[in-house]
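The structure under discussion appears below in the form of structure tokens.
None of the figures in this text is laboratory data; all of them are computed from the coordinates on show. Every value quoted in this text rests on a predicted model; they were computed, and no experiment measured them. Note: ideal-geometry Cβ built from the backbone for every residue, glycine included; neighbour counts use all protein chains shown.
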Amino acid sequence: MLPDDARGRGARALGALLGAAVVAGNGRAGLVAHAAAVVGAAAYGDRVSESARAS
């Protein structure tokens, strides 16, 4: 198991690589679409977490 800081760096590096791949493969329109999907997924995840905590 890696320490928390090493896992965080790995996750950020992976996110940067995936973001670069999206831009290289799809251009600006693809980047906007993927960014909207990530924001939507994060918002939905927060809502699900809140409802799970409330029950």
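Based on the Kirkwood radius over alpha-carbon pairs, what is the Stokes-Einstein translational diffusion coefficient of the chain at 25 °C with 0.890 mPa s viscosity, in µm²/s? Write out the running numbers ahead of the final one.
Values: Rh = 13.3 Å.
Rounded, D is 185 µm²/s.
Counting Lys and Arg as +1 and Asp and Glu as -1 over every other residue whose Cβ lies under 14 Å from the Cβ of R53, the net charge comes to -1.
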